[in-house]
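S.K.: Sharing a structure here in structure tokens format.
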Amino acid sequence: MLIIGPPGSGKGTQAERISERLGVVAISTGDIFRANVTGETPLGIEAKEYMDAGDFVPDTVTNKMVSDRLSEADVEDGFLLDGYPRTTAQVDYLDQILANRDQKLDVVLQLTADDEELVARLLGRAEETGRSDDNEAVIRHRLDLYHEQTEAVVAKYAERGILSQVDGIGRISEVTDRVMLAVKEKQAA
Ligand code: AMP
């Protein structure tokens, strides 16, 4: 499974909840990058400047990281990717990884929300967590990138008939209910 959504749409929160309910491993590329930044690893040092600017970490770096993570034993029976793929080149790369493993995507969830709602949410989160990429200029840049690049990713999965769009506005538990319903509908289809 994949979960895709603009910054601030709650995909990390929903990914954790889906992971608990379905017993599937959730992998967040943003979390892996942040852990590497905190640990000051070479990957973290390389990723930090892009993340702080709200830019995508280059595909070559991100793809290698995902490929390494997906070669671990805990994902053999399936996984939920949160925040990847974000570019059409990443879609192609993931297609190759999955083809090599004889796996296929069952469902791609897209959380939707209005830009102004997202900016307000993220400015609130900035006060709580102090994430270095949560200031207004960077937030707007991340939203622009989502519209310019990641919506093309969503369109690809829509063409394949595996996309499910879920309204991301509302209480966390309400959104989880909608997400779980969407997953069940896709599984039944
Ligand atoms: P997130 O926590 O998903 O919002 O990701 C935080 C930041 O990590 C993003 O703004 C990017 O700088 C970087 N990042 C996460 N996933 C990707 C990806 N699939 N491709 C490129 N950069 C990514």
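S.K.: Let me make sure I get this right: for region 1-129, a, b and c are the square roots of the gyration tensor eigenvalues over alpha carbons, sorted descending. Under 1.5 in a/c it's rounded, otherwise prolate if a/b > b/c, else oblate. Which is it? Walk me through the intermediate numbers first.
M.R.: On the way: a/c = 1.66, a/b = 1.22, b/c = 1.35.
Oblate is the answer for region 1-129, as a/c is 1.5 or above yet b/c matches or exceeds a/b.
S.K.: In addition: Defining a contact as two alpha carbons under 8 Å apart and six or more residues distant in sequence, what relative contact order in percent does the chain show? All intermediate terms of the calculation are to be shown ahead of the outcome.
M.R.: Values: 235 pairs, mean separation 61.1, N = 189.
Across the chain, relative contact order equals 32 percent.
S.K.: Right, here's the next one. Over the chain, with every protein chain in place, what whole percent of the accessible area is carbon and sulfur at 1.4 Å, could you tell me? Numbers along the way, then the final one.
M.R.: Values: 4620 of 9600 Å².
Reported share for carbon and sulfur atoms: 48 percent.
S.K.: Leaving out ligands and nucleic acids, and using a 1.4 Å probe, what accessible area per residue does region 88-168 come to in Å²? Walk me through the numbers before you get to the answer.
M.R.: Working: 4280 Å² over 81 residues.
That works out to 53 Å² per residue.
The values are calculated or read from the model by the stated rules, or taken from the named source; none is laboratory data. If you're wondering where the values come from, they're calculated on a predicted model, not measured in any experiment. Accessible surface areas use protein heavy atoms only, side chains included; no ligands, DNA or RNA. Shrake-Rupley method; radii C 1.70, N 1.55, O 1.52, S 1.80 Å.
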